[in-house]
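To start, the structure under review is shown below, and the notes come after it.
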Amino acid sequence: MKSNISIIVPIYNAENYLKRCIDSLVNQTYKNIEIILINDGSTDNSEKIIKEYKDKRIKYFKNKNQGIGKTRNFGIDKSTGEYIMFCDSDDYFEINACEELIKKAEKEKLDLVICDYYRDIDDKKQEDRIISFENTTLKKRPSLLNEVNLSPWNKIYSSKLIKDNKIKFNEELKYEDTPFVIESFDKAKKIGKVDKCLYNYVIHSNSETTVRDRRCFDILKIIDIVRTYFKDKDYALEELNKLNVRMITNYTVQQRVQIDKKVGMEFIDEAFAYLEKEIPDYKDNKYYKTRGFLRRTIEKSKLLTKIYCKLYRRK
């Protein structure tokens with residue numbers, strides 16, 4: 001008998017994208033799936049769209065607005081499949097996504113399988129290829145921390161991996177994906193990859209990744225959670241420091257799109273203070289070697305980062 005896959009979809013005001021998302025799931029070539037749709041307090045027509053589907057594999061839950069971390073955890077608790085996948089409600093699967101990922105997972109007895117994905121920007125798809133690797137573990141290949149995107153969606157997880165290890169999304173902070181994915185990597189006994197783009201990550205003007213407000217400070221708390229988790233795992237230290245420098249740098253330079261300029265400057269101050277405390281030699285970090293001379297000169301300097309954000313501030 002074929003293994004069942006639980007696909008967890010948190011939904012909040014996604015009426016413009018939801019039909020494409022659900023269509024991509026109900027039409028999967030691999031049929032033994034349960035589709036867990038969780039309406040997280042939507043105030044638009046999302047529920048109406050969901051109720052148009054009569055597919056018996058759909059399990060629909062309607063909750064008050066609780067946030068994506070709590071909603072995904074709710075979905076995990078409700079799942080019954082041997083494997084778990086995640087899909088954001090504005091994204092969508094390639095039609096053969098489930099088939100390709102579970103085939104690899106089952107044949108090679110993997111706890112976690114990763115695939116490449118498309119970035120869908122204004123309906124124009126761009127391939128985002130992740131470096132190929134042989135089946136491995138995070139301990140054997142700590143570079144996975146920087147080679148693989150730390151989003152939950154272009155992956156299949158064994159339910160046993162998630163549930164036996166009680167791996168949960170953070171329910172209080174933004175950027176809740178990172179600790180979940182990293183702990184899954186660390187606890188997985190074998191990780192593999194399918195070299196195909198099987199997921200479509202949609203980027204639009206109101207995407208969480210393009211909006212900046214006071215929640216940007218949560219990234220420092222998330223990094224702290226990850227660093228605490230790896231406190232006694234020396235094998236990951238070099239790659240962890242590289243990851244943390246990359247994450248912090250990404251958010252300091254993006255303060256040019258911060259809604260409140262004062263908040264942006266406060267964040268840059270806190271971010272550089274965090275680097276100086278936790279990674280005192282951060283200016284020598286390998287991450288900067290991947291950056292051009294001008295970029296890394298700006299990114300290593302608090303003053304130059306502030307000047308850059310003021311000069312190129314997005315109105």
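Worth pointing out:
- Contacts under 9 angstrom Cβ, first residue in the stretch 44-64 being farther than 14 Å from Asp23 by Cβ, partner assigned to a helix (DSSP H, G or I) and among the acidic types (Asp, Glu), 6 or more apart: Tyr60/Glu47; Lys62/Glu47
- Test: residue in the stretch 216-226 that is surrounded by fewer than 17 Cβ atoms within 10 Å (Cβ to Cβ), basic (Lys, Arg) and at pLDDT 95 or above: yes
- Which listed residue, of Lys174, Lys155, Lys160, is buried (at least 16 other Cβ atoms within 10 Å of the Cβ), within 16 Å of Ala105 (Cβ to Cβ) and touching a residue at least 12 places away in the same chain (Cβ under 8 Å): Lys155
- Residues in the stretch 290-303 that are at pLDDT 95 or above and more than 20 Å from Phe217 (Cα to Cα): 8 in all.
- Members of the stretch 57-114 found to be under 15 Å from Ile7 (Cα atoms), small (Gly, Ala, Ser) and under 17 Å from the mean Cα position of the chain (by Cα), listed by number: Gly75, Ser89
- Screening the stretch 177-215 for residues that are surrounded by fewer than 19 Cβ atoms within 10 Å (Cβ to Cβ) and among the polar types (S, T, N, Q) and picking the one that is modelled with the highest pLDDT gives Ser205.
- Residue that is farthest from Phe272 (Cα to Cα) [pool: residues in the stretch 298-315 that are of a type in the set (Val, Ile, Thr) and out of contact with any Leu (no Cβ under 7 Å at 6 or more places or on another chain)]: Ile307
- Scanning the stretch 72-109 for residues that are without any contact (Cβ under 8 Å) to a residue 12 or more places away in the chain and either under 25 Å from Ile49 (Cα atoms) or touching a Gly at 6+ places or on another chain (Cβ under 8 Å) (or both) gives a single hit, Asp77.
- Residue within the stretch 84-93 that is polar (S, T, N, Q), at pLDDT 95 or above and closer than 30 Å to Lys174 by Cβ present: yes
- Identification of helices (runs of 4 or more DSSP H) wholly contained in the stretch 205-315 with 3 or more residues that are more than 20 Å from Asn149 (Cβ to Cβ) yields 218-229, 261-278, 293-299, 302-311.
The values are calculated or read from the model by the stated rules, or taken from the named source; none is laboratory data. Computed from a predicted structure; not experimentally measured. So basically every Cβ, Gly included, is an ideal-geometry build from the backbone, and we count neighbours across all protein chains shown.
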